[in-house]
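First comes the structure, then the notes that go with it.
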Amino acid sequence: MPNFAAMLNLRFAKDFVLHQLRAKTRHGTHSPFVYRLVDEVIYDFNPKKVYDLVENRRRDLLSDNRVINVTDLGAGSHLNNNREKKVSDIAKNALKPPKLAQLLYRLVSDLQPRNMIELGTCLGITSLYLKNAAPDAELYTLEGCPQTSETAMRVFHKAAAAHINQVVGNFDDRLPEIIEKLDQLDFVFIDGNHTREATLRYFEWCLPKVHDNTLLIFDDIYWSEGMKEAWATIKAHSQVTVTVDLFWIGLVYFRKGQVKEDFLIKF
């Protein structure tokens with residue numbers, strides 16, 4: 001029998017090497033908008049006090065040996081699809097690493113949206129980064145697993161994070177409800193149900209309410225062949241003007257008057 005996990009890892013490693021060979025830094029970027037984004041936001045690796053505050057909560061989770069029942073409504077995991085999992089194992093394998101979570105903080109801090117949607121609360125670490133980046137924004141964070149969401153709620157309480165709207169249920173049911181109640185979409189982070197069909201469905205649902213300053217972020221754009229196809233379709237859409245491919249995530253902008261360009265940036 002073929003080792004599908006090994007095949008997936010080999011394909012992923014190949015994609016990463018190809019991306020690194022083709023990607024540029026700020027100095028290979030001629031768009032003023034993207035140059036500033038890369039120079040002042042993406043490549044701002046200076047320490048910030050909020051990083052320590054959130055990472056303390058991550059350390060709590062990494063030492064939490066409670067076992068919870070995980071309901072996975074999406075494409076599953078390349079690492080562990082067991083229903084019962086230790087919180088510490090979820091924290092180790094499923095949470096965004098600090099470098100990436102802190103990038104999300106900087107992107108939101110720079111954007112200062114009025115509203116934010118996060119598809120995939122997980123244990124709440126990324127949610128904390130988003131909320132700290134834009135304290136006055138309305139944050140809706142969706143999670144398909146009730147027990148995972150309960151664990152995130154404890155994290156929010158311990159961090160004294162207020163006004164985070166937790167929504168539990170299937171994304172296909174709950175996301176349209178949230179989009180409907182908002183007059184526009186400022187920031188959406190899609191980190192869940194990593195299939196081509198679901199990703200494109202969520203993208204299409206967002207389109208009627210995007211505007212010049214909207215930022216959509218898609219996670220794991222090289223996770224599978226289906227996700228790579230979804231990313232290619234998103235980049236080619238007529239409403240999309242600028243995309244930034246950081247390998248781990250893809251940034252999508254809808255700036256009218258901007259020349260349509262796609263950037264591969266090393267991160």
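The values are calculated or read from the model by the stated rules, or taken from the named source; none is laboratory data. Since this is a predicted model, take the numbers as computed values, not measurements. Because the Cβ atoms are built from the backbone with ideal geometry, glycine has one as well, and the counts that use them run over all protein chains shown. Protein only, heavy atoms only, side chains kept; ligands, DNA and RNA dropped before computing areas. Shrake-Rupley method; radii C 1.70, N 1.55, O 1.52, S 1.80 Å.
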Of the residues I178, I117, which single one is touching a residue at least 60 places away in the same chain (Cβ under 8 Å), surrounded by fewer than 23 Cβ atoms within 10 Å (Cβ to Cβ), β-branched (V, I, T) and within 25 Å of M227 (Cβ to Cβ)?
I178
Residues in segment 152-161: is at least one modelled with pLDDT of 95 or more, within 17 Å of the chain's Cα centre (by Cα) and either surrounded by fewer than 19 Cβ atoms within 10 Å (Cβ to Cβ) or of a type in the set (S, T, Y) (or both)?
no
Subset of segment 23-45 (residues that are open to solvent by 80 Å² or more (accessible area, probe 1.4 Å) and closer than 16 Å to L104 by Cβ)
E40, F45
If you go through L207, L216, the only one that is of a type in the set (A, V, I, L, M, F, W, C) and in a helix (DSSP H, G or I) is L207
One residue is enough: does segment 59-70 have a residue meeting the conditions surrounded by 15 or more Cβ atoms within 10 Å (Cβ to Cβ), part of a loop (DSSP other than H, G, I, E, B), more than 17 Å from the chain's Cα centre (by Cα) and modelled with pLDDT under 95?
yes
Identify all residues within segment 112-166 that are part of a helix (DSSP H, G or I) and of a type in the set (V, I, T); write none if there are none.
I125, T126, T148, T151, V155
For segment 193-219, give me each residue that is among the β-branched types (V, I, T), out of contact with any helix residue (DSSP H, G or I) (no Cβ under 6 Å at 6 or more places or on another chain) and open to solvent by 10 Å² or more (accessible area, probe 1.4 Å).
V210
The residue that is surrounded by the fewest Cβ atoms within 10 Å (Cβ to Cβ), considering only those in segment 220-259 that are within 27 Å of H27 (Cβ to Cβ) and modelled with pLDDT under 95, is G257
